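Step one of this worksheet: look at the structure below.
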Amino acid sequence: MITSTPRGRAGWSGPSLLVRLALLVAIGGWGIGVPAPAEAHSGGNADQNLRSILETVTPARAGIEVTVAPDGSDITITNSTGQQVVVLGYQHEPFLRITADGVWRNEHSLTAYAVSDTPLDTVPATGRRAAPSWHRIATSGTYFWHDDRIHATGELPRGVHDDPEKRQLVNHWRIPLQVAGTPGAITGAVWWEPPDWDATMVMWACVAGIALLLVLAGWMAFGRRSTTPDRG
């Protein structure tokens, strides 16, 4: 006589239930492991997907180096030439003067106050035409600061909301300057970078795979036992 394990309700037998549970584990692991590009949809913190990239420095001079932090947190200028670099501020006023011997900041620059911790009520009532008041703030030709111009401006483009898994241009940016009196600029762009799969996704994918393997092994063993002839 051959015996078999009684079946429960249709579609919910023991092996089938285990398989369903394993699939749920796999789906849950996938959902947790894949980062959420939809932060652009939901208005969450999308800064981690924005990259600020330097494009050009004009006029080009050997000995003048510019770097931009990918997250847009700061910009750095190194001037090892015998020429003077003047960075212009948000209102096109003289902001920084950088030479190989040091860095000076214009205390009459509204940008100098905008990027510092100085209380707002101490901002001088001066405009872009006010005579600069230079104050030395560094003794080398390298200086970095936080500049809002290298960030994304306004709302993210519609394309980012529609297709957040595609690399897309968000906006261009520009910081005007003068090199030995010659007008120029530092230019760059902010890009939306698609989210990368991370180690969490890999871990959960492995967990899901192992769970499926265990379930399949148990199902096969269960099937063999249920079809074994009853010698009694």
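Around Ala69, with a cut-off of 11 angstrom between Cβ atoms, what is the net charge of the other residues, counting Lys and Arg +1 and Asp and Glu -1? Neighbour charge sum, excluding Ala69 itself: -2.
Relative to its Kirkwood radius, the Cα radius of gyration of the range 57-192 gives an Rg/Rh of 1.02. Most tightly packed first, judged by the mean number of other beta-carbon atoms within 10 Å of their residues, the peptides 106-115, 174-183 read 106-115, 174-183.
Read-outs: derived from the displayed coordinates by stated rules, not from any lab. A quick note: this is a predicted structure, and the numbers were derived from the prediction, not measured. Quick reminder, even Gly has a Cβ in these numbers, built from the backbone with ideal geometry, and neighbours come from all protein chains shown.
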